[in-house]
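A quick write-up on the structure given underneath.
All of the numbers you see were taken from the coordinates with simple rules; none came from a lab. Please read these numbers as outputs of a predicted model, since none were measured by experiment. Note that each Cβ is placed from the backbone with ideal geometry, even for glycine, and that neighbours are counted across all protein chains shown.
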Amino acid sequence: MITLDLIVFTVLALFITVSAVLAVTTKRILRAATYLLFVLFGTAGIYFQLNYSFLGAVQLLIYAGGITVLYVFSILLTSSEGDKAEKLKGYKLVIGLIATVAALGICLFIMLKNPFVPSNFEHGELDVRTIGHALMGTGKDGYVLPFEVISILLLACIVGGIMIARKR
Amino acid sequence: MFDFSVVTNWIHAQLTAVMPVGLAVFLECVVIGICLLLMYVVVAIIMIYMERKVCAAFQCRLGPNRVGPAGTVQVICDVFKMLTKEIIIIRHADKFLYNLAPYIVIIASVLAFSCIPINKGMEILDFNVGVLFLIAASSIGVVGILLAGWSSNNKYSLIGAMRSGAQMISYELSIGLSILTIVVLTDTMQFSEIVERQADGWFIFKGHIPALIAFIIYLIAGNAEVNRGPFDLPEAESELTAGYHTEYSGMHFGLFYVAEFVNLFIISAIAATIFLGGWMPLHIPGLDGFNTVMDYIPGFVWFFGKAFFVVLLLMWIKWTFPRLRIDQILTLEWKYLVPIGLVNLLLMVVVVVFKLHF
């Protein structure tokens with residue numbers, strides 16, 4: 001049974017896979033960053049297809065609009081146009097191959113062994129108010145402690161960045 | 001008020017009567033996409049014409065006045081000229097990224113454009129996180145500009161792109177803070193809902209002092225966000241030829257140019273929506289006769305009237321003030337606008353908690 005949902009998912013999944021493969025096989029670092037941007041777009045598209053627009057918007061805002069810009073900025077500042085990745089040789093190639101196969105094996109093992117519960121997803125958008133209360137709640141399912149811990153981590157990163165940049 | 005969703009629901013009912021729902025939805029998506037792109041182009045043409053006329057007025061000139069009545073066909077001719085021009089390919093440039101960059105900029109712009117509610121029941125993307133999605137979509141454009149500058153293999157372009165990136169990322173903060181001030185007042189992030197809440201007075205009146213401060217911050221930051229006005233550093237002609245789009249020709253340059261003007265319109269339309277009530281007519285509580293008369297003016301007339309009024313304000317600023325230096329731009333943002341915005345957000349929270357708003 002081919003539905004519109006299935007077609008959209010297939011297109012998105014193909015887009016993500018092709019971009020992901022291109023991101024690791026290309027030799028130019030800025031191209032890799034651009035393909036990574038495409039992967040993140042595709043992931044956001046899947047969130048939107050699941051009707052979870054909050055996570056989709058956050059994915060676009062944080063990853064596509066924030067982290068990729070950071071990557072591109074640092075590439076612009078540090079490397080010149082002629083820079084190309086060298087071919088992997090010798091033991092590096094072997095280690096890389098082993099790591100890849102191991103990661104693939106772990107992912108496949110988990111995906112094939114996991115008994116997926118039948119989806120009880122309710123269609124329709126999740127209310128922002130619910131997300132907000134869950135994120136800042138102190139009760140049983142509240143996430144206020146991780147939220148605050150992450151904010152302290154970010155503050156530490158900012159202070160550290162200033163310390164490194166200001167060192168004369 | 002005329003509800004446009006009557007029309008869309010009728011079309012949906014007619015389509016589902018003769019074909020399966022999936023196909024109907026697909027066809028509707030295609031039609032809406034075409035309508036969106038057409039409106040995008042029309043808005044761009046109007047904006048470019050307006051820019052040339054307003055600029056001429058401020059410089060005591062006439063502006064375009066030869067082609068068509070009052071020069072109205074001039075911009076359409078320019079579009080066709082741009083379409084027929086050759087697209088030059090730069091040697092020793094990364095061709096893939098070079099050709100991709102204008103499209104990333106335009107996609108970000110179209111995504112943001114589709115969030116704007118034009119009339120009652122006439123909004124294309126209306127998530128309940130609409131404001132967040134709009135900020136997210138408009139933040140993608142920076143990537144396109146950075147890629148354009150880098151892949152042109154030209155030092156002017158690269159400097160222009162770096163300046164543009166620094167400027168846009170910084171000023172996004174102020175835009176976010178000033179929009180957040182209004183979100184605190186409305187307690188919703190859905191654009192249609194934000195407009196509905198302004199039925200008994202626009203937010204700039206309901207939120208009085210903090211809303212007014214947020215509006216002014218938003219106008220300044222918005223002008224900087226679209227690289228215009230006194231903040232057009234990325235393409236400062238006297239220093240950088242044309243900044244990040246120096247090497248682009250033909251329609252690739254045209255895409256940057258169009259995106260810049262439509263981004264200006266989007267900034268103005270968002271200002272009109274969240275501060276001046278969007279398509280909501282001017283209602284004064286208590287004067288029912290006046291309110292009924294105002295309701296007879298269609299919503300999209302109100303919306304476009306307000307949006308183009310804000311556009312005029314921004315163009316006025318652009319053609320009046322001299323250009324800032326890059327350090328002055330960053331000082332203005334980080335040392336003045338962000339602290340003022342944060343304090344203003346706090347002020348708005350106090351106003352909302354103690355119910356001091358109207």
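Rank B:ASP200, B:ASP126, B:ASP288 by mean-square fluctuation in a GNM of chain B with C-alpha springs under 10 angstrom and give only the top-ranked residue.
B:ASP288
Which residue, B:LEU38, B:LEU276, B:LEU337, tops the fluctuation ranking in a GNM of chain B built on C-alpha contacts under 10 Å?
Residue with maximal mean-square fluctuation among B:LEU38, B:LEU276, B:LEU337: B:LEU38.
Over the whole of B:169-176, what's the average partner chain Cβ count within 10 Å per residue? Rounded to a whole number, please.
1
For segment A:128-168, rounded, prolate or oblate, judged on the Cα gyration tensor with a ≥ b ≥ c (square roots of eigenvalues), a/c < 1.5 rounded, else prolate if a/b > b/c?
prolate
What does the C-alpha gyration tensor say about the overall shape of the protein assembly as shown? Classify as rounded when a/c is under 1.5, otherwise prolate if a/b is larger than b/c, or oblate.
rounded
Which value, in debye to the nearest 20, gives the size of the charge dipole of the protein assembly as shown about its Cα centre, when Lys and Arg are +1 and Asp and Glu are -1 at the Cβ?
About 1720 debye.
For chain A, what does the relative contact order come out to in percent, with C-alpha contacts under 8 Å and a separation of six or more?
Reported relative contact order: 16 percent.
Charges on Cβ only, +1 for Lys and Arg, -1 for Asp and Glu, centred on the Cα centroid of the protein assembly as shown; of B:GLY254, B:PHE265, A:MET136, which one is farthest towards the dipole's positive end?
Of the candidates, B:GLY254 comes out farthest on the positive side.
From the phi of every residue in segment A:134-142, what ³J(HN,Hα) in whole Hz does the Karplus formula 6.51 cos²θ - 1.76 cosθ + 1.60 yield, where θ is phi - 60° and glycine or proline is x?
Values per residue, Gly and Pro as x: 5, 5, 10, x, 9, x, 5, 9, x Hz.
For the pair B:TYR103 and A:ILE150, what calculated FRET efficiency results from E = 1/(1 + (r/R0)^6), where r is the Cβ-Cβ distance and R0 = 30 Å, to the nearest 0.05?
The value I calculate is 0.30.
Mind jotting down the distance between the C-alpha centroids of segment A:125-163 and segment B:109-134, whole Å?
Here the two parts' Cα centres lie 27 Å apart.
Taking +1 at the Cβ of each Lys and Arg and -1 at the Cβ of each Asp and Glu, which of B:GLN59, B:ALA24, B:PRO69 sits farthest along the dipole of segment B:1-100 towards its positive end, judged by Cα position relative to the Cα centre?
Projecting each Cα onto the dipole axis, the largest value belongs to B:GLN59.
Considering chain B as a Gaussian network with a 10 Å cut-off on Cα pairs, which listed residue, B:THR16, B:THR241, B:THR320, attains the greatest mean-square fluctuation?
Taking springs between Cα atoms under 10 Å, the residue moving most is B:THR16.
With θ set to phi - 60°, apply the Karplus curve 6.51 cos²θ - 1.76 cosθ + 1.60 along segment A:22-38 and write out the HN-Hα couplings as whole Hz, x wherever there is a Gly or Pro.
3J(HN,Hα) across segment A:22-38, in whole Hz: 4, 4, 8, 8, 5, 8, 9, 5, 5, 5, 4, 4, 5, 5, 4, 4, 5.
Put a dot 7 Å past each Cα toward the Cβ at B:LEU212 and B:LEU342; how far apart are the dots in nm?
2.5 nm
Just list whichever of A:LYS89/A:LYS113; A:LYS113/A:LYS140; B:LYS95/B:LYS335; B:LYS53/B:LYS81; B:LYS155/B:LYS318; A:LYS87/B:LYS95 have alpha carbons separated by over 28 Å in the model shown.
A:LYS89/A:LYS113; A:LYS113/A:LYS140; B:LYS95/B:LYS335
Once both labels are modelled 7 Å past Cα along the beta-carbon direction, what's the B:PHE354-B:VAL18 spacing in nm?
Result for the modelled spin labels: 6.3 nm.
Counting partner chain Cβ atoms within 10 Å of every residue's Cβ in B:143-156, what's the average?
3
What does the C-alpha gyration tensor say about the overall shape of segment B:270-358? Classify as rounded when a/c is under 1.5, otherwise prolate if a/b is larger than b/c, or oblate.
Oblate, since a/c reaches 1.5 and b/c is not below a/b.
Distance from the Cα centre of segment A:1-38 to that of segment B:1-66, in angstrom?
That distance is 30 Å.
Using unit Cβ charges (K, R positive; D, E negative) and no other charged atoms, how large, in debye to the nearest 20, is the dipole of chain A about its Cα centre?
980 debye
Taking θ as phi - 60°, what are the ³J(HN,Hα) couplings along segment B:50-57 by the Karplus curve (6.51, -1.76, 1.60), each to the nearest whole Hz, with x for Gly and Pro?
Values per residue, Gly and Pro as x: 4, 4, 5, 5, 5, 4, 4, 4 Hz.
Between B:ILE34 and B:ILE297, what FRET efficiency comes out of the Förster formula 1/(1 + (r/R0)^6) with R0 = 35 Å and r the beta carbon distance, rounded to 0.05?
E(calc), rounded to 0.05, equals 0.80.
Amide H to amide H under 5 Å from B:MET122: which residues, 5+ apart in sequence or cross-chain, H placed 1.01 Å off N in plane?
Sorted by chain and number, the residues that satisfy this are B:PHE4.
In debye, nearest 20, what is the charge dipole magnitude of segment B:85-353 about its Cα centre with +1 on Lys and Arg Cβ and -1 on Asp and Glu Cβ, if you could check?
I would put it at about 480 debye.
Can you tell which of B:ALA242, B:VAL43, A:SER53 lies farthest toward the positive end of the dipole of the protein assembly as shown, using +1 and -1 charges on the Cβ of basic and acidic side chains (Lys, Arg; Asp, Glu)?
Farthest towards the positive pole: B:ALA242.
Say R0 is 60 Å: what FRET efficiency, to the nearest 0.05, do A:ARG129 and B:ARG91 get from their beta-carbon distance?
0.60
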